[in-house]
Amino acid sequence: MKKGVLPVLGLVLAFGLGSLWAVQATRSEGGGLLFDSAWWLVFLAPFLGVLAAGLTRRRDPRIEGDKVLRHNGAARLEHWTHGLGTALLLATGVGLGFLFVPRLVRDTDGVWLMMNLHFVGVAVFLFGTFYYAANTIISAYRFREHLPTGNAFSFTVHYGKLLGVKKFTMPPEDKYFESEKMAYILAILASVGVILSGIVKVLAHLMELPAWLVSAATPVHGVSTIAMLLFFLAHVFFSSVLPMSWPVLRSMFTGYVPREYAEKEHAGWYKRLSDSDDAATTAGKGA
Amino acid sequence: MSEVKDINPAGEGSKGLSRRQFMGGIGALGALGVIGGAVAQVFLLPDEVIAYPISGGFLLVDQKKCSGCSTCMAACAIAHHGAANHSLARIQITQNPFKAFPYDIDPVQCWQCDECTQACPTGAMHVDPETGVRTVDQMRCIGCLRCVAACPRAVSAVQWDEQTHASQKCDLCLDTPFMDDEGGVNGRRACESVCPMRAITFTTDLPEQTEDDYSPNLRTENWTSFGYVADIEG
């Protein structure tokens, strides 16, 4: 079996079996809420993510012939668990209604099914997010790669030229575009907000919390959801709909982008990789 | 293709505990702790026995006296929400012209039992310690609708409030920001005080029970002054 198949299989199983579990719990007598009966999974998932990070050996980006390794297996697992978990959470969250969004499901069965599917999304999302967070702590330089630099404004404004100027040259972007790096800050804030407020909401099932805490968690969860939804829609558009991003989308499945693409769209990153390759070759010859 | 090796800076090779090993340890310990806690909760902790104090009273509606004017619904919504909106009323009067008297009118008001309170996973639906009234702390409600489903009435006496995204139910006017008078068990109930037929009353006595419902009789002597029979056999 190919090494990359295992995470895919795990994801399919998590969503498939999780959805079946959600349906079965909803149909049980009195309508079981997984947030009540299986609360422990909400707290287990983050630790499993951290444990998985401890067991993961990652390969760093490198130039390999006519292609460049951009997303190693761990990056792909982080992305799809976090992303698909977020998608399920957003869909079920919108169905349940929040802030000014009216509830779309009217009957109790529908509400319970939505809540149980939300639970499945929570488990997958927390695993993926904490897997990413622990991986980032292990390799802090990956976090720095995501942070905006002094070029954030000038590089991002530069894209405006794409609209009408024929002789457009890409600024020497690093691994992530400066615009992506700014959106990353929003994604982190939204994730932290949604996780902290969500944990309060789950804890309310287990213990008596002060009313002000639960009442504060609900709007924070809603506002974080709005931020997450905006980020999610923008991310899907810029990473999947725009043709210029298709090579990166493919690399989220295969791990690799064409060398030509990296040279053109991510000149700064490509130069960094070339320099480190040269340094490694020189060091190898020296030894 | 050149051999690909892990060049992660946090990899093994350095002395002591690497960041990766530390993370693995934290993850394993945490996972074991959560699993252990969940297992211990199942086997070690005894089942909780919760006793709910009885309510200080409840509303009765005489089906045979009710004309279905829905004034009570408007009054309830106005007293609680400041709007004459039937969807916001905590007492619901439904009418079915295809049914014979007195079943053509079906009043649904809260009996102040404790089914909804027991069903609530967060304690939002609770018993007011002073009055015994079953009421909702909407700030704690997570909107799971378990209380709505748990209500023994054919039409639930607990409703989903779309405005606040929380459950709501009759609190005997304990919390009525749009009513000047004091409500609650010892106060004034909006629906009761506006009913033109005097078909609603607050009581602390259990009325005559049928197989699955109460059968209140509020047709007193005053009822005859309207030209009706004082006690209609149902």
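The values are calculated or read from the model by the stated rules, or taken from the named source; none is laboratory data. These numbers come from a predicted model, not from an experiment. Methodologically, a virtual Cβ is constructed for each residue, glycine included, from the backbone with ideal geometry; neighbour enumeration extends over all protein chains shown.
Tabulated values for the structure
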item: Every residue from region B:184-198 that is modelled with pLDDT of 90 or more and either within 17 Å of B:Thr117 (Cβ to Cβ) or buried (at least 20 other Cβ atoms within 10 Å of the Cβ) (or both); result: B:Arg189, B:Ala190, B:Cys191, B:Glu192, B:Cys195
item: Single residue of region A:68-78 satisfying the filter (touching a helix residue (DSSP H, G or I) at 6+ places or on another chain (Cβ under 6 Å) and farther than 14 Å from A:Ala52 by Cβ) that is surrounded by the fewest Cβ atoms within 10 Å (Cβ to Cβ); result: A:His71
item: Only listed residue being part of a loop (DSSP other than H, G, I, E, B), within 30 Å of B:Val155 (Cα to Cα) and more than 14 Å from every other protein chain (Cβ to nearest Cβ), chosen from B:Ala74, B:Ala83, B:Ala79; result: B:Ala83
item: The one condition in (1) within 11 Å of another protein chain (Cβ to nearest Cβ); (2) at pLDDT 80 or above; (3) under 41 Å from the mean Cα position of the chain (by Cα) that B:Val42 fails to fulfil; result: (2)
item: Breaking point among (1) of a type in the set (Val, Ile, Thr); (2) touching a residue at least 40 places away in the same chain (Cβ under 8 Å); (3) over 30 Å from A:Arg70 (Cβ atoms), for A:Val248; result: (3)
item: Residue check, A:Gly97 at pLDDT below 90 and not acidic (Asp, Glu); result: no
item: In region A:33-71, residue farthest from the other protein chains (Cβ to nearest Cβ) [restricted to those that are closer than 30 Å to B:Cys116 by Cβ, touching a residue at least 24 places away in the same chain (Cβ under 8 Å) and of a type outside the set (Phe, Trp, Tyr)]; result: A:Leu34
